[in-house]
1. Restricting to the range 102-136, name every residue that is closer than 21 Å to GLY76 by Cβ, in a loop (DSSP other than H, G, I, E, B), in contact (Cβ under 8 Å) with a residue 12 or more places away in the chain and not β-branched (Val, Ile, Thr).
2. Between a residue in the range 59-83 that is under 16 Å from VAL100 (Cβ atoms) and touching a residue at least 24 places away in the same chain (Cβ under 8 Å) and any residue that is among the hydroxyl-bearing types (Ser, Thr, Tyr) and outside any loop (DSSP other than H, G, I, E, B), which pairs come within a Cβ distance under 9 Å, given they are 6 or more apart or on different chains?
3. List the pairs whose first member sits in the range 85-96 and is closer than 14 Å to MET120 by Cα, whose second member is β-branched (Val, Ile, Thr), and whose Cβ atoms are under 9 Å apart, counting only residues at least 6 apart or on separate chains?
4. Of a type in the set (A, V, I, L, M, F, W, C) and free of Cβ contacts under 8 Å to residues at least 40 places away in the same chain: does that describe ALA35?
5. Would you tally the residues in the range 32-70 being closer than 21 Å to LYS118 by Cβ and among the charged types (D, E, K, R)?
6. For the range 119-136, which residues satisfy the criterion of being under 16 Å from ASP47 (Cβ atoms) and exposed (fewer than 12 other Cβ atoms within 10 Å of the Cβ)?
7. Scan the range 84-101 for residues that are over 20 Å from GLN72 (Cβ atoms) and among the charged types (D, E, K, R) and jot them down.
8. Restricting attention to the range 91-118, report how many residues are buried (at least 17 other Cβ atoms within 10 Å of the Cβ) and over 21 Å from ARG57 (Cα atoms).
Amino acid sequence: MRARPILEHCAVPSEREVHTLEEAAGCSLPSDMRAWLAIVGFCNVDDDLSFRPEWFRRIDQGQLKGALLFAQDTLGNFYGHVPADGSIVFFSRAEPAFAVLASSFRDFLECLESRQFKVMEWVESLTLAPYDWQAD
């Protein structure tokens, strides 16, 4: 039985704040992520994964240039959205490596729920691919 809630809410951004995030990132957020922010907002998920406005930033180099970081876990790993195909990607902090987690933000949330929100266990099970920061 859980003694604490899975979600710790921080703040629901206004439409203007979401637009500011998009402008800073240089891309639109996917509709499912916009819906999440409108309903749930910025939050911590099971104390291991945080959605904060300061994590939202664009990747400016490497093979996934243009991807949008949106969350960080307790180990400093980042989670990003790839606008080209909608996928959600894990970026390792410990090494230049990544893994595709889901085909969409909604799929990412559904996978996270099916894993009982244990994002760190999910991360430990990933097979990582090298990330080429020099790629154009």
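Every number here is computed from the coordinates shown, using simple stated rules; none is lab data. Just so it is clear, the model here is predicted, and its values are computed rather than measured. Note: ideal-geometry Cβ built from the backbone for every residue, glycine included; neighbour counts use all protein chains shown.
1. Answer for the range 102-136, where residues must be closer than 21 Å to GLY76 by Cβ, in a loop (DSSP other than H, G, I, E, B), in contact (Cβ under 8 Å) with a residue 12 or more places away in the chain and not β-branched (Val, Ile, Thr): PHE117, LYS118, LEU126, LEU128, TYR131, ASP132, TRP133.
2. PHE70/TYR79
3. Every condition considered, the pairs that remain are PHE90/VAL100; PHE90/VAL123; PHE91/ILE59; SER92/VAL123.
4. Answer is yes for this residue.
5. Result for the range 32-70: 4.
6. Once the filter is applied, which keeps residues that are under 16 Å from ASP47 (Cβ atoms) and exposed (fewer than 12 other Cβ atoms within 10 Å of the Cβ), the range 119-136 yields only GLU121.
7. Residue satisfying the conditions is ASP85 alone.
8. 2
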